[in-house]
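Below: the structure, in structure tokens.
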Amino acid sequence: MCRHLAYLGPPVRLSELLFDPPHALVRQSWAPREMRGGGTVNADGFGVGWYPAPGAPPARFRRDRPLWSDSGFAQLASVTMSGGVLAAVRSATVGMPVVESAVAPFTDAGWLFSHNGVIAGWPDSVTRLAGRLPVRDLLTMEAPTDSALLWALVRDRLRANVSPATALVETVTEVGRAAPGSRLNLLLTDGVTAAATTVGHSLWARRDGAAILLSSEPLDGHPAWAPLPDGQLIVASTATLDVIALPNGGRPE
Ligand code: GLN
């Protein structure tokens, strides 16, 4: 269900992540290898956010159609360079709308965010939790989906100057408590650091010189790809990769 990736490092063409490698995101959109918990292809939209320069606000391109079907974007990706990228292909959870506004990455104030998974018992399981958000945030949610709510919950913490890692941990903990059985692979970047969680879905890391890639599935057969265990918080920059166990493995009682 959904595939996502984040890249930090020397500038690369977007196509080097999305189209060129043998198991690039475009291939993961029609032939993913590690889908868990339902879904077969990721054809309900794609999105890419990238930082044109360090510290610059990210650009974002999203569509509600399969990544393989947009030749115009493929051409754009082959000439667009960036050293900070977050990209996703979507397999809409049953019952959720297939619209561009539901596709990751979600963005605000320089952040890019993606969710791979599902909130169990949506929406009833999290109505009380959502009710604690500012009404304005609920009225302006981009789409009536679990991923958009997760972004609203994470963003609420970022606005309160909570660190990205803590924002993800707190969100996974409170949603896991309200909706046991949820799958909550979150991915958040500001173009300099990336934070991620593994709760219910695959995630791999590849460190290569001054570059770090976090990806639902390896893009190629490079020996540096390492699977990340379930129930972890990952905090990465071009120089560091920390893997820290989530409280109760991300599945609080
Ligand atoms: N539940 C989310 C959505 O419908 C994410 C789906 C996924 O990970 N496949 O957009």
> Assuming Leu17 fulfils every condition listed in (1) within 16 Å of the chain's Cα centre (by Cα); (2) assigned to a helix (DSSP H, G or I); (3) more than 23 Å from Thr193 (Cβ to Cβ) apart from one, which condition is it?
Replying inline: (3)
>> Given the criteria surrounded by fewer than 18 Cβ atoms within 10 Å (Cβ to Cβ), under 24 Å from Thr198 (Cα atoms), within 16 Å of the ligand (Cβ to nearest atom) and modelled with pLDDT of 95 or more, does Gly117 qualify?
In response: no
> Within segment 224-253, how many residues turn out to be at pLDDT 95 or above, over 17 Å from Leu188 (Cα atoms) and either loosely packed, with under 15 Cβ neighbours inside 10 Å or polar (S, T, N, Q) (or both)?
Replying inline: 5
> Yes or no: Glu174 assigned to a helix (DSSP H, G or I) and farther than 22 Å from Glu34 by Cα?
Replying inline: yes
> Applying the selection to segment 90-113, what residues are near the ligand (Cβ under 9 Å from one of its atoms) and closer than 28 Å to Leu8 by Cα?
Replying inline: Arg90, Ser91, Ala92, Ala102, Val103, Ala104
> Can you pull out the residues in segment 51-65 that are surrounded by 14 or more Cβ atoms within 10 Å (Cβ to Cβ) and either in contact (Cβ under 8 Å) with a residue 60 or more places away in the chain or within 21 Å of Pro218 (Cβ to Cβ) (or both)?
Replying inline: Tyr51, Pro58
> Within the bounds of segment 174-186, is there any residue that is surrounded by fewer than 17 Cβ atoms within 10 Å (Cβ to Cβ), of a type in the set (Lys, Arg), more than 14 Å from Leu112 (Cα to Cα) and out of contact with any His (no Cβ under 8 Å at 6 or more places or on another chain)?
Replying inline: yes
>> For segment 129-144, which positions are touching a helix residue (DSSP H, G or I) at 6+ places or on another chain (Cβ under 7 Å) and closer than 14 Å to Val175 by Cα?
In response: Leu129, Ala130, Leu133
> Given the conditions (1) out of contact with any helix residue (DSSP H, G or I) (no Cβ under 7 Å at 6 or more places or on another chain); (2) surrounded by 24 or more Cβ atoms within 10 Å (Cβ to Cβ); (3) not in a helix (DSSP H, G or I), which single one is not true for Tyr7?
Replying inline: (1)
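Residue-by-condition table, conditions (1) closer than 24 Å to Arg206 by Cβ; (2) modelled with pLDDT of 95 or more:
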site	(1), (2)
Leu8	yes, yes
Ser15	yes, yes
Arg33	yes, no
Asn42	yes, no
Gly47	yes, yes
Ala56	no, yes
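The values are calculated or read from the model by the stated rules, or taken from the named source; none is laboratory data. Here the structure is a predicted model, which means the values were calculated and not measured. We place every Cβ from the backbone using ideal geometry, glycine too, and count neighbours over all the protein chains shown.
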